[in-house]
Structures are given as C-alpha cells and as structure tokens.
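The values are calculated or read from the model by the stated rules, or taken from the named source; none is laboratory data. Keep in mind the model is a prediction, meaning the values are calculated, not measured.
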Amino acid sequence: MALDDPNAQPSEPPRNPGRPDDPAFRDAVPLAGDQVLPCGRLLSQAWEQAQDGMPAADAHATSCPHCREAVEGLARLNVATRALRAKDPPGLRALADRVMSIVRAEVRLGRLLPLADTVLDLRIAESAAAKVMRQAADTVPGTRAATCRLAPAGEGTGVQVTMTLAAALDRPLPETVTQVRRSIIHAAGQALGMAVTTVDITVADVLEPFAPPAPAGSGPTTGGGA
C-alpha cells in the first residue's frame with residue numbers, strides 16, 4: 001500500500017488468538033473477582049488450563065508471556081498455601097481456639113470451690129460464690145462490700161473468705177464487722193451449702209452514716225398568729 005494513495009484502506013490488525021473474540025473464549029463469563037490478563041484471557045481460564053494440562057494443545061497458552069507469568073505466580077502461591085496447611089491444619093487451629101475459649105471462661109469464673117456435701121463432690125465457681133457473699137455483707141446496715149476472694153481451707157471442704165468493705169462510723173467497727181461475718185457464714189451455709197471456716201474482713205473505706213427517715217408530720221411549720 002502506497003502511503004500517498006487516498007483510496008487506500010487501513011490493513012486489519014492480526015487477530016490475537018487469545019483475545020476474547022477467539023471462538024474458544026468468546027462465551028467465557030468472568031467469575032466474581034476474576035481478572036482479565038493483558039492478552040485478553042481470564043486469569044481463571046489460564047489457571048484451569050495449566051491445572052488440566054491443556055497448555056500443550058493451546059498455542060496461545062504456551063507462547064503468551066502474560067499467561068505464563070500469571071500461571072507461575074499462582075503455582076508458587078499454591079505451593080506456599082499447601083505448605084502452611086500441612087504445618088498448621090485447620091482442624092488443630094479450631095481445636096486450639098476452642099481450648100482457649102474454655103480457658104478464658106475459667107479465668108472469668110475463678111477457681112472451683114467445694115461444697116459441704118458428704119456424698120457428692122459438688123463445686124461452685126468462685127465468682128458465683130463471691131457474689132452471694134457480697135450480697136450478704138450488703139444486708140448489714142452501714143456497710144458496702146468491695147472485693148471478695150475465696151480459697152479452699154486445707155484438704156477438706158472448708159472455704160476461707162477474704163473481703164474488703166466500706167463501713168459507716170455510726171457504731172463501733174468491731175460490732176459492724178462481727179455482724180458482717182455472721183451474715184456471710186449464714187448465707188454460705190443456707191444458700192450455698194458451703195462450710196466457711198474463716199472470714200477475714202478489712203475495712204478499706206468509710207461511708208457517711210445514713211440519715212434516719214423523718215417522722216411523718218414532722219415537716220417544717222410556718223408560724224402564723226391569729
């Protein structure tokens with residue numbers, strides 16, 4: 001074709017057998033997240049051909065640098081993935097996750113403490129028993145339980161309680177502490193069936209004494225002469 005020929009038509013570019021208009025790939029539908037290679041073929045098609053051993057029968061697959069580079073990269077990724085699975089199988093990871101969930105739950109519950117049952121080996125979580133002990137302490141007027149820890153006392157079923165609380169000073173502290181100790185021992189035996197052998201109480205703060213309720217009809221009066 002002469003360059004100065006006004007009637008000349010541009011020559012048709014050669015068809016790339018790997019372009020989407022190739023009959024072998026004309027009807028291919030890309031998968032979600034699939035990638036179209038620069039040569040026009042889908043990444044998933046190039047990988048499937050390599051896995052099925054088809055490149056030898058496909059001139060494009062054997063000659064296209066884009067397809068070869070993509071297949072080699074996926075092959076390296078596949079080898080690394082298989083190595084990781086062999087080193088840390090999913091089943092072991094799931095088992096480890098379940099074990100750690102149980103461990104975290106036990107940490108939140110605290111140790112298991114024995115109950116005073118001569119027939120059955122019954123136990124209760126420390127957090128549950130401590131909640132009952134704090135509620136028992138709070139029933140004593142002028143007190144507010146803060147912390148409560150429980151621990152086995154010796155080899156039997158006895159349990160030792162250690163509590164800190166705040167108390168008002170409207171009466172002697174020894175009297176208040178004695179009443180709190182009795183309330184804790186009573187609640188442990190009646191509500192839980194737990195044999196509390198020792199209750200160590202530390203008064204860590206002071207509460208303002210509660211104001212007694214005003215008698216009915218004792219409100220302020222307004223003077224007024226007849």
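Only one of (1) modelled with pLDDT under 95; (2) in the same structural domain as Leu122 (by TED's automatic domain parsing) fails for Gln179. Which number is that?
(1)
Among what's in segment 182-217 and is more than 30 Å from Asp121 (Cα to Cα) and among the charged types (D, E, K, R), pick the residue that is modelled with the highest pLDDT.
Ranking the qualifying residues of segment 182-217, first place goes to Asp205.
Output the residue which, of all residues in segment 107-157 that are closer than 15 Å to Leu192 by Cα and assigned to a loop (DSSP other than H, G, I, E, B), is nearest to the chain's Cα centre (by Cα).
Leu122
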